[in-house]
Amino acid sequence: MTNSSQRPATEAKKRGFFPLVTTSVNIVGSLLILALMVLVGLDVAGRNLLGEPLSGVPEIVTLSIVVIVFLQAPAALAAGRLTRSDTLIKWLGTRSPSSAKILETFFDLCGLVVFGVIAYGTWPLLTKSWRTDEFIGALGDFTAPVWPARAAAILGSVLLTTQFVIRLVERWSSDHDAI
């Protein structure tokens, strides 16, 4: 059981470097959502009022969705808001806390492996898109480089993998009783 003298140290750890990075990339993702809302609004207004859409909006939205998801997922996981069905885990927690702990550990190990594979598998795609100046869009109209979205996928995957490791360590540390 955790006593009150240990809480300040735990709170200090939670406000360390990694949570700062996770929060920062989450804020960047939120600002990108705001920018997309403005951009789509301007595109719709341009189509309806001027009969002229903004060039490149579909391409920007396509790339931005990937960036937003990967930048905001680590903060969602850290806050316990990553989308999942936890009915079984809650039920197990009331009847067999050790079984719930094992199931949570399995979930975290699966997440660690999946996002580790995504980071590893995306690296060659990132280097290729950087080397070849890969872009999305139409020449002469609008083009955008693909590499920033791939870099964001790698960054988000690495942060998610790290967050899964942190969850595992916290769950299995001797002074941590919560599931």
Item to complete: Provide the per-residue ³J(HN,Hα) series for the stretch 97-102, in order, calculated from phi with Karplus coefficients 6.51, -1.76, 1.60 and θ = phi - 60°, each as a whole number of Hz, with x at glycine and proline positions.
Response: x, 5, 5, 5, 4, 5
Fill in: Protection proxy ranking, peptides 45-53, 76-84, average beta carbon neighbours within 10 Å, highest first
76-84, 45-53
Practice prompt. Name the long-range amide H neighbours of Asp86: under 5 Å, sequence gap of 5 or more, or other chain; modelled H, no Pro or chain starts.
Written response: none
Discussion item. Using amide H atoms built in the peptide plane, which far-off residues or other-chain residues are under 5 Å from Ile136 H to H?
Written reply: Ala144, Val146
Worksheet, complete the sentence: Out of Leu31, Leu126, Leu112, a Gaussian network model of the chain with alpha-carbon springs under 10 Å gives the largest mean-square fluctuation to Leu31
Response to the item:
Toy charge model, Lys and Arg Cβ at +1, Asp and Glu Cβ at -1: the chain dipole around Cα centroid in debye, rounded to 20, equals 620 debye
Worksheet item: Top mean-square fluctuation among Gly137, Gly16, Gly29, Gaussian network model of the chain, C-alpha springs under 10 Å?
Response: Gly16
Worksheet, complete the sentence: Options (i) 17.8; (ii) 18.9; (iii) 16.9 for Kirkwood radius over Cα pairs in Å; the value derived from the coordinates is listed as (ii)
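A short reminder: the numbers here are calculations on the coordinates, not readings from a lab. None of the values given here were measured: they were computed from a predicted structure. Backbone-built Cβ (ideal geometry, glycine too); neighbour counts: all protein chains shown.
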